[in-house]
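Data block below; observations after.
The values are calculated or read from the model by the stated rules, or taken from the named source; none is laboratory data. Note that the coordinates shown come from a computational prediction; the quantities given were computed from them, not determined experimentally. Every residue, glycine as well, gets a Cβ built from its backbone with ideal geometry; the counts of neighbours run over all protein chains shown. Please note that ligands, DNA and RNA were not included when accessible areas were found on the heavy atoms of the full protein model with its side chains. Shrake-Rupley method; radii C 1.70, N 1.55, O 1.52, S 1.80 Å.
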Amino acid sequence: KRAFIPLAAAMERYVLERSQLIASVSRQAREMALTEGARPDAVAILPNAVDLALIDRAVAEALAVRPGPAAVLGWVGSFFPWHGADVLVKALDLLPADVHALLIGDGPERVRCQALARDLGVQDRVEWTGSIPHVQAVRRLAGCDVLVSPHVPMRGAPFFGSPTKLFEYMAIGRPIVASALEQIAEILDDRRTAMLVAPGDARE
């Protein structure tokens, strides 16, 4: 690490200083590039996006698999701390017993989230699919009632991401509840295209 990290940082600065076009997925990512030496006129903000035709096909093929008459909250991610899956589990505990959650994906925080669900007594209301093919994930999300993006701030760095799930959720066409955090709050319009809540606030 002592040798590689400084070398990687120097290589990154070298590339940024000499690039004619740098596509940054968010305003925060643009600021990071500028801080490392990129020319302002070389940096464009280009948020992530989705293939609408692919999403439309998947939604058309969707089978609404629901556990009985329950409402289903849908989430997809790679279970990193900033994805806020634990916030969703805590929120589920505050919701009526006929509300269930579908969590798609896998990653370092999944085991902790599953333990949290057991501790809160909501484990029977959560389906953990693990990693599944993208088209299948879109189909499952299309079968949900509400799609959620409970991101929380990153430790020691600005939240610079452009979550692809946001654009998938919008393309799928289900109601969205999301954290009012950096680009998420810039892309989504509170009470018009989504309900935005304070990051990390399960009750809200």
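Quick notes
- Share of carbon and sulfur in the accessible heavy-atom surface of region 19-101 [1.4 Å probe, %]: 62
- Estimated at the nearest 10 Å², the accessible area of Phe159 is 10 Å² with a 1.4 Å probe.
- The sum of -39500 (n - 2.57) across all DSSP H runs of n ≥ 4, divided by the residue count of the chain, sets its helix-only mean residue ellipticity at 222 nm to -11000 deg cm²/dmol.
- Equivalent ellipsoid dimensions for region 1-95 as semi-axes, Å, which come from the Cα gyration tensor, largest first: 40, 20, 12
- Shape category assigned to region 107-167 from the gyration tensor of Cα positions, a/c cut at 1.5: oblate
- Once backbone amide H atoms are built at 1.01 Å from N, Ser149 has Val177, Ala178, Ser179 as its partners under 5 Å, excluding neighbours fewer than 5 places away on the same chain.
- Summing Cβ point charges (Lys, Arg +1; Asp, Glu -1) relative to the Cα centre of region 1-67 gives a dipole of roughly 300 debye.
- Carbon plus sulfur fraction of accessible area for region 110-174, probe 1.4 Å, in percent: 52
- Gain on full extension, evaluated as 0.36 nm per residue between Ala70 and Asp41 minus their Cα-Cα distance, stands at 5.3 nm.
- Of the residues Ile22, His83, Ala60, the one whose Cα sits farthest toward the positive end of the charge dipole of the chain, with +1 on the Cβ of Lys and Arg and -1 on the Cβ of Asp and Glu, is Ile22.
- Share, in percent, of DSSP beta bridges within region 58-170 that are antiparallel, nearest 5: 10
- Counted residue by residue at 0.36 nm each, then reduced by the alpha carbon distance between them, the extension gain from Asp56 to Leu21 reaches 9.4 nm.
- Estimated Rh, the chain: Kirkwood, alpha-carbon pairs, angstrom: 18.4
- Dipole magnitude (debye, nearest 20) for the chain, charges at Cβ of Lys, Arg, Asp, Glu: 360
- Using the 1.4 Å probe convention, the accessible area of the chain works out to 54 Å² per residue with neighbouring protein chains retained.
- Distance between the 7 Å Cα→Cβ label points at Leu95 and Gln114: 2.1 nm.
- Between Met32, Met154, Met11, the GNM of the chain built on Cα springs shorter than 10 angstrom shows Met11 fluctuating the most.
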